[in-house]
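What follows is a set of notes on a single structure, which appears directly below.
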Amino acid sequence: MVTKTEETQLNQLEIQVDNAGGGAWDYLCLVRDLKIRRSEKVLKHGSSILNDPRKRSALGPDEWTLNEQVATAAMDCQCLGVAQNCIKALQKKFPGSKRVGRLEALLLEAKGLWGEAEEAYSSLLEDNPLDQAIHKRRVAISKALGKPSVAIELLTKYLELFMADHDAWRELAELYLSLQMYKQAAFCYEELILSQPTVPLYHLAYADVLYTIGGVENIISARKYYAATIDLTGGKNTRALLGICLCASAIAQLSKGRNKEDKDATAAPELHSLAAAAVEKEYKQKAPDKLQLISSALRSLKI
């Protein structure tokens, strides 16, 4: 994660380079080190170095690193001719390189040649089955082609090899949600919560899924995870506060006729009142013009 200090340093350097104050190479190195994508700037300033024989020769071995960086930026900007020239230079310098082969496959993707790109990735995986980036590119191709079921299958196989990849679990959950496979999505969020229990986003997403599945037990569990989200964010998550209100209303409706001593049912009105007050306070401070609207919506919930 980029710190504020690093971001400030990068922005200052970018302004300097844009105003012809020098430091283009330092800027490109910082972008690369921070793993930030500022493709238009990288393409502009990187190309200016590569197109100048004197500046290019001064880089020494770093010339090839810059070719790779500019090629990726050029594909982001759909300047495929520039990308192809950079890749050709790398092919000439490093014939048979798997790293360059990955760039070639990316270029095929950028051109929309999905079948050829898939073949290239499959070939690269035969040589190195543990290349995470290539596995993910295959998933990306399936998504681009509108084949979420294939993407799910590929991600499931990937997670058998790399179970600790949190981003992959989250991506798999979102794919399941796109197909309305809520129980499978819930499993993914359970894995994420087990591995990173202090990330409020996972608690919130899991609560949303449980609420969507419905049923008294699931909604009671959803309320607990909304509460966990509020706790982890210091009471600052408005979505979770609204979730508490919705759960309280749903529990009250679904619990009619049940044991009056049921703690979950009897706690619903009190929790709703506390959460509703917190939501109204938040709106009063940040969106006063919407306060009447949200207050009306909260009052309409049956407890």
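The values are calculated or read from the model by the stated rules, or taken from the named source; none is laboratory data. Remember, predicted model here, so these are calculated numbers, not experimental data. When we count neighbours, we look across all protein chains shown, and the Cβ atoms used for this are built from the backbone with ideal geometry, even at glycine. With ligands, DNA and RNA removed, areas are computed over all heavy atoms of the protein, side chains included. Shrake-Rupley method; radii C 1.70, N 1.55, O 1.52, S 1.80 Å.
Just subtract the alpha-carbon distance of C77 and E116 from 0.36 nm times their residue separation and send over the number in nm, one decimal.
11.9 nm
Roughly how many Å² is the accessible area per residue of region 163-303, as a whole number, for a 1.4 Å probe?
Heavy-atom accessible area per residue stands at 57 Å².
How far is the Cα center of region 11-75 from the Cα center of region 90-109, in Å?
Distance between centres, Cα-based: 20 Å.
Excluding residues fewer than 8 places away in the same chain, name every one of the aspartates and glutamates whose C-alpha is closer than 15 Å to that of K256.
Straight-line reach from K256, under 15 Å: E217, D264.
At a 10 angstrom cut-off on C-beta neighbours, averaged per residue, how do the peptides 42-55, 11-24 rank from highest to lowest?
For the peptides 42-55, 11-24, the packing ranking is 42-55, 11-24.
If we sort 282-293, 231-242 on the protection proxy, mean other Cβ atoms within 10 Å, highest first, what's the order?
Details: 282-293: 12.2, 231-242: 17.3.
Peptide ranking by packing, descending: 231-242, 282-293.
Provide the gained length on full extension for the span A58 to Q180, in nm with one decimal, where the gain is 0.36 nm per separating residue minus the Cα-Cα distance.
Fully extending the segment from A58 to Q180 adds 38.4 nm.
Give me the extension gain from K281 to Q91: residue separation times 0.36 nm, minus the current Cα-Cα distance, reported in nm with one decimal.
Fully extending the segment from K281 to Q91 adds 62.3 nm.
For the chain, which whole-number percentage of the solvent-accessible area (1.4 Å probe, protein heavy atoms only) is attributable to carbon and sulfur atoms? Intermediate results must be reported in sequence, preceding the final value.
Details: 9100 of 17320 Å².
Of all accessible area on the chain, carbon and sulfur atoms account for 53 percent.
Let a ≥ b ≥ c be the square roots of the eigenvalues of the Cα gyration tensor of region 44-116; is it rounded (a/c under 1.5), or, if not, prolate (a/b larger than b/c) or oblate?
Oblate shape, in that a/c is at least 1.5 and b/c is the bigger or equal ratio.
What figure, in Å² to the nearest 10, do you get for the accessible area of V2 with a 1.4 Å probe and non-protein molecules left out?
50 Å²
State, to one decimal in nm, how far the label point of A133 lies from the label point of L201, with both points 7 Å from Cα in the Cβ direction.
The modelled label-to-label distance comes out at 2.2 nm.
If r is the Cβ-Cβ distance from T156 to K35 and R0 is 45 Å, what FRET efficiency results, to the nearest 0.05?
So the FRET efficiency works out to roughly 0.95.
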